[in-house]
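Read through the structure below, which is laid out as structure tokens, and then see the notes.
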Amino acid sequence: MFLRNCFLLLMCLWLGSCVSQKKYNSLLIARDNLELKATEYSISLAQERTKAINLSKKNEDLNRKLTQTNLNNQRMTRELERLESDESELVFDHVLLTSKYEDMQDYFEIVLNDCDKTRIEISRKDRMLQLKEDSLLKVLIDLRLLEEDIRQRENSSIVLSQFDSTSINTLYSNVSKDLNDLVSSGFRISKISHGVQISVDETVIFDRGSLNVTAEGHEVIRHLAIALNAQPNIEVLVLGHTDRVKISKKTKYLTDNWDLSVLKATAVTRALASAKLDPRILTASGRAAFDPMVSNNTQPGRNKNRRIEINIYPKIPGQANNQMGRRTN
């Protein structure tokens, strides 16, 4: 509109004055140029308006996003404050639980110490009960043997009345004389009720922990067989004895000290038979740890209690072999 007014103004000036054709043409060209520029300005203005509209929309979108972002920030701030509050509570709970855990550890250590003391006391009482049980079992065995002894005495009272100590004294004298060279701290000969007892420490015949008779043991047993073969009308009872220590390795045929004592007695009995002693007069038996010579509370005592006893009885005329029913002391 501004350019058109300028053009009209120029036309009026031209009409009002005498101008040349050349100027007129120049003015026409100027007018065309002005109209072209006006058109270009109109197009540019439209484009700028379009850009302004687009920018206004983008601005509105950004404002909405900014508003949403602010709302999100406020929500996140509140959430952060809540989490910080929760964290503070968790820290407090952690401190409280740590304190309780330490208290429980202290209490647990006290309980463990009490348990250890209780276990020790129980173990001590178990040992005492075992000792009492062993003692009671020995008493029961002795009672049974006593009952059997009384029964045997009653059954053979008439024969025994005719059988004095002369035979036992003679047997003791003969055996002591024949085995005098073997008598030592580990090989002992003594009189017992109804006979003579030869007590031999386990180490004289066996290696420690073995059921096999050693070469030295076989030599001792050979001398025993010779001496016993020289005595007429006798019965021989081989008794095995152990200490109170339980065996460490169990097998099918060896589960406790009863088995061990019998197997040791059997090994000696077998060796005596191999040395030409009449097996018909031999009997093997075991007493385990229930007939100790001395206390089992010391190592020397346990060593002494591990022994083989060979009890020799004069055979009573008219009676079968009955040494199993007799007492050994």
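Quick note: the coordinates plus some simple rules give every number you see, no bench work behind them. Just so we're clear, the structure is a prediction, and the values are computed from it rather than from any experiment. As a convention, Cβ positions derive from the backbone with ideal geometry for all residues, glycine included, and neighbour counts pool all protein chains shown.
Taking every DSSP beta bridge that has both residues in region 165-312, what percent is antiparallel when rounded to the nearest 5?
About 80 percent, rounded to the nearest 5.
Going down the table (K252/K276; K191/K315; K276/K304; K117/K138; K191/K304), which pairs top 25 Å between alpha carbons?
K252/K276; K276/K304; K117/K138
When only alpha-carbon atoms count, how far does region 165-325 stretch along each of its three principal axes, as whole angstroms with the largest first?
Rounded to whole Å, the extents work out to 44, 31, 29 Å.
What distance in nm lies between label points placed 7 Å from Cα along the C-beta direction at E81 and L96?
My value for the distance between the label points is 2.4 nm.
Using mean Cβ contacts within 10 Å as the protection proxy, how do 263-270, 204-211 order, highest first?
The densest-packed peptide leads the list: 263-270, 204-211.
Taking the Cα centre of region 70-151 as origin, sum charge times position over the Cβ atoms of Lys and Arg (+1) and Asp and Glu (-1), and report the length of that vector in debye to the nearest 20.
Value, rounded to 20: 400 debye.
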